[in-house]
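S.K.: I'd like to ask some things about the structure below.
All of the numbers you see were taken from the coordinates with simple rules; none came from a lab. Computed from a predicted model, the values in this text were never measured in an experiment. All Cβ positions, glycine included, derive from the backbone under ideal geometry; neighbour counts span all protein chains shown.
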Amino acid sequence: MSGLELANELAARETVRVEVIERGPATRKEHVLWDGGTHLGDEKTRRWAGEGWGPGGGLSERLGGRSLCYHGVFLGVEAPALAAWPVEWIDRLEGHYRTLPQELEGSFPELRQRFRVAEGLGLRHVPQAAVLSADRTLMKAYTPLTRATALAEAGTVEIVRAAVVRVHPRGRSWIVDVTDPEGTPGQRGPFDACVLTSSAIGNVQLLSRSLDREVETNLTDHLCVGGLVRLPPGRPLTEYRNRKLWAGYLPVPELNTNIFVREFEPAPNGDRLLDIHAVVEQDASDEGSSTLLALPRSRPEAHITPMVSEEDEAKLVEVRHRVSALASLIGQEPVRALAESPGTLDQARAAIATGAPNSVAYYRMPYGEYEHESSTHPIGGKAIEVGTDLEVAELPGVHVAGPGAFPRMGAANPALTILAMSRSLAAVLHGRYS
């Protein structure tokens, strides 16, 4: 997402030549919720090693990346987390937080609040950069792939299919070592500047190879717990339109958490079915976060030592209590837990399918499977020094973008901040190199 958005913004200025190097294929053209077919590149081709890291975590390498599978939630980093960012970045992000939704809402009407959020519950509208099909069965979210494809067809952006191995200087320019899909090595460039936008983990792998040294750094991901709820028949929170649209969310700043609510179509007997899903920011400190070790070998390797602190575990218990309280408030009666400890999402689905009204089945997402990895090469970080213009101090002319550069992610889905960061970096690079 970050790389294509950056390329689009640079190409729009017309005085910069842009080349996108992508390892995966360009066979998927539409969002996975719009085109339900299977395409080359949809499978997870790179998985991260680490006992205790969710087995579903990893990368589907394809042009468009995760912008073809997220649900379009557009929330900015909350003020307490944003305070960890440099002042100039707070101003930049807040500006894009205002302008980006305004720019996109004509094509993605779910950004606008179209229905009244249930009164008395404290819920807020969830802006989603999404659009539904005419029969509401399909949904797609904003992706920079659409614009990038048009720019490539017009010759404004060049898209090269290859795997980036490392970047290295040649005089005042930069060369990119690559291998093509057949495994043949080659080079691209020279370039005035390079921007690494693989992923929070992939960027560290590339930096390790480019710096020719081991890199050990912190790594965080969102922690997610929730409950599937069955309530007696009654008035829904909002009109049901699609199962991937949220009815509202409840910010819980004292727990660095956002609690999302969606209501599905009723059960055959008329019972209401809901998902109350909490997204929790992981502690980003040295003591509270995981460790990522990247090794500069012939094939870049990354090893994760997962860590969820006792403080975060205690926070998850309190968040689960908040989920139960919200379910009781929605149903106006206390809900009964079908099991004391949370299971997997599949276990929760099986339990709630036969549960009685006013019941909740808790679930917890495996750590690492939410795929919101962040803060591996943050602005102002220690393991890899990254300046406020996202330039790597040891590699002048090489920049990084994406959630790996976030000093703190907050509880918000990172999509809006990723786009805002890419647009801000495009302005910096245009001013420097045009």
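S.K.: Compute the helix-to-body angle for 200-211: its Cα long axis versus the longest principal axis of the chain, expressed 0 to 90° and rounded to tens.
M.R.: 20 degrees
S.K.: Given points 7 Å out from each Cα along the Cα-Cβ axis, report the T45 to R349 separation in nanometres with one decimal.
M.R.: With each label placed 7 Å out from Cα toward Cβ, I get 2.8 nm.
S.K.: Using modelled backbone amide H atoms (1.01 Å from N, in-plane), which distant-in-sequence or interchain residues come within less than 5 Å of V165's amide H?
M.R.: Here the answer is D177, V178, T179, since their amide H atoms fall under 5 Å of that of V165.
S.K.: In nm, give the distance between the simple-model label positions of T184 and K244, each being 7 Å from the Cα along the Cα-to-Cβ direction.
M.R.: Each label point is offset 7 Å from its Cα along the Cβ direction, giving 3.8 nm.
S.K.: Largest first and in whole Å, give the semi-axes of the chain's equivalent ellipsoid, each being the square root of 5 times a Cα gyration tensor eigenvalue.
M.R.: Rounded to whole Å, the semi-axes are 38, 24, 20.
S.K.: In whole percent, what relative contact order does the chain give with Cα contacts below 8 Å and a gap of six or more residues?
M.R.: Values: 969 pairs, mean separation 94.7, N = 434.
Once divided by the residue count of the chain, the mean separation gives 22 percent.
S.K.: Still on this structure: By how many degrees, between 0 and 90 and to the nearest 10, does the Cα long axis of helix 415-433 differ from the longest principal axis of the chain?
M.R.: The helix 415-433 is inclined about 20 degrees to the chain.
S.K.: Next up: Within 10 Å of each candidate Cβ there may be at most 11 other Cβ atoms; applying that plus a DSSP loop requirement, which trypsin sites (Lys or Arg not before Pro) in the stretch 241-329 survive?
M.R.: Counting only loop positions with at most 11 other Cβ atoms within 10 Å, the trypsin sites (Lys or Arg not before Pro) in the stretch 241-329 are R297.
S.K.: What pairs from K244/K382; K29/K244; K140/K315 go past 30 Å between their alpha carbons?
M.R.: Working: K244/K382 39 Å; K29/K244 20 Å; K140/K315 33 Å.
Result: K244/K382; K140/K315 exceed 30 Å.
S.K.: At a Cα cut-off below 13 Å, give the aspartates and glutamates reachable from K44, other chains included and same-chain residues fewer than 8 away excluded.
M.R.: Cross-link targets: E61, E369, E371.
S.K.: Starting from the Cα-Cα distance between D389 and T305, subtract it from 0.36 nm times their residue separation and give me the gain in nm to one decimal.
M.R.: Full extension from D389 to T305 adds 27.3 nm.
S.K.: Between the stretch 195-260 and the stretch 372-387, what is the separation of their alpha carbon centroids in Å?
M.R.: Computed from Cα coordinates, the inter-centre distance equals 19 Å.
S.K.: Can you tell me the 0 to 90 degree angle between the C-alpha axis of helix 2-11 and the longest principal axis of the chain, rounded to 10?
M.R.: Long axis of 2-11 versus the principal axis of the chain: about 50 degrees.
S.K.: To the nearest 0.05, how large is the calculated FRET efficiency for R170 and T15 if R₀ is 30 Å and r is the Cβ-Cβ distance? Each step should come with its number before you reach the end.
M.R.: Values: r = 23 Å, r/R0 = 0.76.
The calculated FRET efficiency here is 0.85.
S.K.: In a GNM of the chain with a 10 Å cut-off on Cα contacts, which of A393, A130, A26 has the highest mean-square fluctuation?
M.R.: Result for the chain, Cα springs under 10 Å: A393 fluctuates most.
S.K.: Here is a further query. Simple spin-label model, 7 Å along Cα-to-Cβ: R98 to A134 in nm?
M.R.: Rounded to a tenth, the inter-label distance reads 3.9 nm.
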